[in-house]
Amino acid sequence: MRAAVEALLATGVAVHDGFLDARALRALRTCAERRMRGGEFRPASIGAGGDRLRHAEIRGDSICWLAEPRYAAERDLLRELEQLRLGLNLEAGLGVFELELQYAWYPPGAGYARHVDQPHGRTARRVSLAIYLNARWDPRAGGELRLYDAAGACLDVEPKGGRLVWFLTPGREHEVRPARCGRWSLSGWFCSRP
């Protein structure tokens, strides 16, 4: 745990391959597909509160908030993420107490334009994360998470199955590049109390 937190604090971005093993990856992907078949996914919007709008040309994914972890694989993941949260507080004193987590499905050609993960006027989101649920991802398919640093240089992270990417949220611009095939992930934020 300490090494993962140290990597995050050293550069503001950390990538951990194999965060999910093959079994957990399959199980969570199955959970996401069940929730989609059950009608739990909704087109994602941008903005906050009453100002939320759907702009598919800016953000083309559909999401399902993981407010109620109904499946064993979801509960297992939340226990693992709780260990990360505790590590962030112990090793870095970040004061994060809550986790917001959602499944995201990007159909072929969809992306999410360059943005930051803090809605205007809100500062509770401290650490952003994405966990990829794409088994056997072909790098030629695109769909990378592109992260920008303060100088404008970028790092592209392929949405390889089982991979965790996390980054310090404040001011970190990033985007999801369009993919040639469907792209699954869990994304979320460790948050401080408002």
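See the values below:
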item: Count - residues of segment 85-97 that are surrounded by 15 or more Cβ atoms within 10 Å (Cβ to Cβ), outside any loop (DSSP other than H, G, I, E, B) and touching a Lys or Arg at 6+ places or on another chain (Cβ under 9 Å); result: 3
item: Top-ranked residue of segment 135-176 - restricted to ones that are closer than 16 Å to residue 15 by Cβ and of a type in the set (Lys, Arg), ranked as surrounded by the fewest Cβ atoms within 10 Å (Cβ to Cβ); result: 146
item: Segment 116-145: number of residues that are outside any loop (DSSP other than H, G, I, E, B) and not basic (Lys, Arg); result: 10
item: Residues located in segment 117-131, provided they are surrounded by 15 or more Cβ atoms within 10 Å (Cβ to Cβ) and either within 22 Å of residue 84 (Cα to Cα) or of a type in the set (Phe, Trp, Tyr) (or both); result: 117, 118, 124, 125, 126, 127, 128, 129, 130, 131
item: Strands (runs of 3 or more DSSP E) completely within segment 146-194 that count 1 or more residues being without any contact (Cβ under 8 Å) to a residue 40 or more places away in the chain and among the acidic types (Asp, Glu); result: 154-157
item: Subset of segment 178-194 that is of a type outside the set (Phe, Trp, Tyr) and crowded, with 19+ Cβ neighbours inside 10 Å - its residue that is farthest from residue 156 (Cα to Cα); result: 191
item: Selection within segment 62-89 - hydrophobic (A, V, I, L, M, F, W, C) and either touching a Phe, Trp or Tyr at 6+ places or on another chain (Cβ under 6 Å) or closer than 22 Å to residue 194 by Cβ (or both); result: 63, 64, 65, 66, 67, 78, 81, 84, 86, 88
item: Selection status of residue 101, of a type in the set (A, V, I, L, M, F, W, C), touching a strand residue (DSSP E or B) at 6+ places or on another chain (Cβ under 6 Å) and either at pLDDT below 95 or part of a strand (DSSP E or B) (or both); result: yes
item: Odd one out for residue 56 among (1) at pLDDT below 95; (2) touching a strand residue (DSSP E or B) at 6+ places or on another chain (Cβ under 7 Å); result: (2)
item: Residues satisfying the stated conditions in segment 12-42, i.e. within 18 Å of the chain's Cα centre (by Cα) and either assigned to a helix (DSSP H, G or I) or at pLDDT below 90 (or both); result: 24, 25, 26, 27, 28, 29, 30, 31, 32, 33, 35, 36
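Rundown of residues vs (1) of a type in the set (A, V, I, L, M); (2) under 17 Å from the mean Cα position of the chain (by Cα); (3) modelled with pLDDT of 95 or more, yes/no style:
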{"residue": "51", "(1), (2), (3)": "no, no, no"}
{"residue": "61", "(1), (2), (3)": "no, yes, no"}
{"residue": "65", "(1), (2), (3)": "no, yes, yes"}
{"residue": "69", "(1), (2), (3)": "no, yes, no"}
{"residue": "77", "(1), (2), (3)": "yes, yes, yes"}
{"residue": "86", "(1), (2), (3)": "yes, no, no"}
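The values are calculated or read from the model by the stated rules, or taken from the named source; none is laboratory data. Values in this document were obtained by computation on a predicted structure and should not be read as measured data. When we count neighbours, we look across all protein chains shown, and the Cβ atoms used for this are built from the backbone with ideal geometry, even at glycine.
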